[in-house]
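Here's the structure, in structure tokens; my notes come after.
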Amino acid sequence: MTKRLVIIFFSLCLLAAAQTTASPSATQSPGDESTAKAKSLINLAIQALGGNAYLNISDSSSEGRTYSFHHGQSTSTGLIYFRDTKYPDKERIDLTKKRDVSYVYVGDHGFEVTYKGTAMIDPKALTEYIRRRRYSLEWVLRRWINEPGVALFYDGSAIAEQKQTDQVTIMSAQNEAVTLYLDPDTHLPVKKRYQWRDPADREKDVEDEVYDNYKPVQGVMTPYSVTRYYNGDMSNQRFINAINYNQGVDEAKFAVNATYDPNRVPPPPAPKK
């Protein structure tokens, strides 16, 4: 074997060895790295929220005060509320200290209970409620990430609520996307954002939910302040005074049926004889 052939032989051997011993990160695509980073951050967020204690919440009962806004302007001085939920799709909200008005949601049905009786909730309001539930933090972290075809993306660092955060996007198989902003130190969610297209004007609308004042409750880190924004304007703010998990909410709270139609025109009175 000539000297030239020996040099070529050893060069090929070194090249083959370098390819064999290359680290996995050297061959990993940017998309794989983004997915792995996003998955790691989401797992850290779930653990920060309570891990199995958070994932196994079956019901909750809470009370506090809620405020509504229109175009960022307050429309009330606040109402006392009592809220009962059963995961995944049952919720009852009683308003005022005497619980004068109640809103009950079971699956894709909604009811308003007043002194007049029980009526079906306006279809537009019900659609908005179901959308918020579909994009809720509980559904995203407990359902979306386990669905087939879900995609995860790490979007890098971002400022949210004047805080440095890690930005992660979760996209369902139906191309629905939710972006989470996570505290890099505690890994708790700071903000959630999603957008949808209005079927009437085809314009995109953006909804944000901001979480603050976390406190541990039965092993679950719970935000005692939740603020919603619609296209940048504050739309609702809720402050929790007390909350309990897995206490066995009575199913009777959700057992309601419509007793009247508020849109039905009553028949004219019978003529006097």
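Rule-based calculations on the coordinates, nothing more; no lab input. None of the values given here were measured: they were computed from a predicted structure. FYI the Cβ positions are ideal-geometry reconstructions off the backbone, even for glycines, and counts take in every protein chain you see.
Where Lys and Arg each count +1 and Asp and Glu each count -1, what net charge lies around residue 100 among other residues with Cβ under 13 Å from its Cβ? Cβ neighbours under 13 Å give a net charge of +2. Pairs of lysines in region 70-177 whose Cα atoms sit within less than 27 Å of one another amount to 10, provided the residues are eight or more positions apart or on different chains. Selection among 260, 120, 177 by position relative to the dipole of the chain gives 260 as farthest towards the positive end (Cβ unit charges, Cα centre). Given R0 = 45 Å, the distance between the Cβ atoms of residue 239 and residue 157 translates into a calculated FRET efficiency of 0.95. Here the chain is assigned +1 on the Cβ of each Lys and Arg and -1 on the Cβ of each Asp and Glu. Its dipole about the Cα centre then comes out at about 320 debye. So if we plug the beta-carbon distance of residue 259 and residue 133 into 1/(1 + (r/R0)^6) with R0 = 30 Å, what FRET efficiency do we get, rounded to 0.05? Computed FRET efficiency for residue 259 and residue 133: 0.75.
Note on residue 225/residue 204: beta-carbon distance plugged into 1/(1 + (r/R0)^6) with R0 of 30 Å gives a FRET efficiency of 0.65. Working note: Cα gyration tensor of region 29-254, eigenvalues times five, square-rooted, sorted largest first, giving semi-axes of 29, 20, 18 Å. Based on C-alpha pairs under 8 angstrom that are at least 6 apart in sequence, region 29-254 has a relative contact order of 23 percent.
Residue 230 sits among other residues whose Cβ lies under 15 Å from its own Cβ, and their net charge, with Lys and Arg +1 and Asp and Glu -1, is +1.
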